[in-house]
1. I'd like to know if the range 20-39 contains one or more residues that are part of a strand (DSSP E or B), closer than 22 Å to Leu106 by Cβ, within 15 Å of the chain's Cα centre (by Cα) and more than 15 Å from ligand 1 (Cβ to nearest atom).
2. With (1) away from ligand 2 (no atom under 16 Å from the Cβ); (2) closer than 29 Å to Gln76 by Cα; (3) surrounded by fewer than 16 Cβ atoms within 10 Å (Cβ to Cβ) as the list, and Asn117 as the residue in question, which single condition is left unmet?
3. Check Ala58, Ala79, Ala95 and return the single one that is within 14 Å of ligand 2 (Cβ to nearest atom) and either loosely packed, with under 15 Cβ neighbours inside 10 Å or in a helix (DSSP H, G or I) (or both).
4. Can you say whether Leu111 is within 16 Å of ligand 1 (Cβ to nearest atom) and either part of a strand (DSSP E or B) or closer than 17 Å to Val47 by Cα (or both), as far as the supplied structure shows?
5. When you check Arg71 against the structure, is it within 12 Å of ligand 1 (Cβ to nearest atom), surrounded by fewer than 22 Cβ atoms within 10 Å (Cβ to Cβ), without any contact (Cβ under 8 Å) to a residue 60 or more places away in the chain and not β-branched (Val, Ile, Thr), yes or no?
6. Would you pick out the residues in the range 134-149 that are in a helix (DSSP H, G or I) and either crowded, with 19+ Cβ neighbours inside 10 Å or at pLDDT below 95 (or both)?
Amino acid sequence: MTGDAMGGANAHGAARIGIGGPVGSGKTALLETLIPPLLAAGIELAVITNDLVTDEDAERVRRSGLIDPDRVVAVQAGACPHTVIREDPTLNLLAVEQLERRHPGLQLIMLESGGDNLASTFSLDLVDWWMFVIDVAGGGDIPRKRGPGVLQSDLLVINKADLARHVGVDLERMVAEATAVREGRPVAVTDCRRGFGLEQVVEAIRHDVLFLS
Ligand SMILES: Nc1nc2c(ncn2[C@@H]2O[C@H](COP(=O)(O)OP(=O)(O)OP(=O)(O)O)[C@@H](O)[C@H]2O)c(=O)[nH]1
Ligand SMILES: [Mg+2]
C-alpha cells in the first residue's frame, strides 16, 4: 500500500479497511466505538456495511448519531456475504465510488462484512488492510482452529473480553495461542460494550493504514 504525506489518502483515494468475522462477534460494535476517536483525530471518515438482505447495520450506524448519516452506505450482500468482499467486490467498489464522489477529501472508509464463518477473508482489490473480529463467547479454541481470517488478517481482534469469566475462557491463553498461530502478527483484545482496548486498534489504523505519525 502506498500512502502520501498529505494525511492518509492513498493511490486509489481513501484508504479502505475491512472488518470481518463471524455473526455477532461485534463488528458493528467495534465500528461504532472506533468512530469517535477517529473523528477526534481529524480523520475524514465514512462507513460501508454489508448485510444479507437488509440495511440493518447501516440504519443502526446512521441512527447512532456518531457520524453524518450521509457518510454511511449499505450494500445488500445476498446469501453469500463472503462473495461481495472477496470473489466479486463490485457492489462494494461502487459504494466506495459513491462515497468518494459525495465527500471529496475522504481519507478512510471502514467496510463491515456481513457476519460469516472463520474462513472469510477480504479481497485486497477491495481493502488495503483488514481486521478479523472474533469473540471469547465463540470459544477459546477458535485461534487453534487456524481459520484464514485468524491467520491472514492484518489485525486479529478478540472482542467481548468482559465475557471471558462468564463463559469459562482463559483469555490470556487465547491471546497467546492467537499470537502463536499468527506468528507474532498483532492481536488486540477489546470490550466494545465499555470501550476498552480500542487504543491499539486506533493506533494501528493511524500508523499502518493512514501513515500518520
Ligand atoms: N458483552 C459484550 N457484548 C458485546 C461486545 N461487543 C458487542 N457485543 C454485543 O454482541 C451483540 C452483537 O454485536 P454486533 O456488533 O451487532 O455484532 P456483529 O458482528 O456486527 O453482528 P452481525 O453484523 O450480525 O454479524 C450485540 O448484542 C452487542 O451489544 C462486547 O465487547 N461485550
Ligand atoms: Mg454487524
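The values are calculated or read from the model by the stated rules, or taken from the named source; none is laboratory data. Fair warning: this is a prediction, and the values are worked out from it, not measured in the lab. With ideal geometry, Cβ positions are generated from the backbone for all residues, glycine too; neighbour counts draw on all protein chains shown.
1. Scanning the range 20-39 turns up no residue that is part of a strand (DSSP E or B), closer than 22 Å to Leu106 by Cβ, within 15 Å of the chain's Cα centre (by Cα) and more than 15 Å from ligand 1 (Cβ to nearest atom).
2. Condition (1) is where Asn117 drops out.
3. Answer to the check: Ala58.
4. Yes: the conditions hold for Leu111.
5. no
6. Val136, Gly138, Pro143, Gly149
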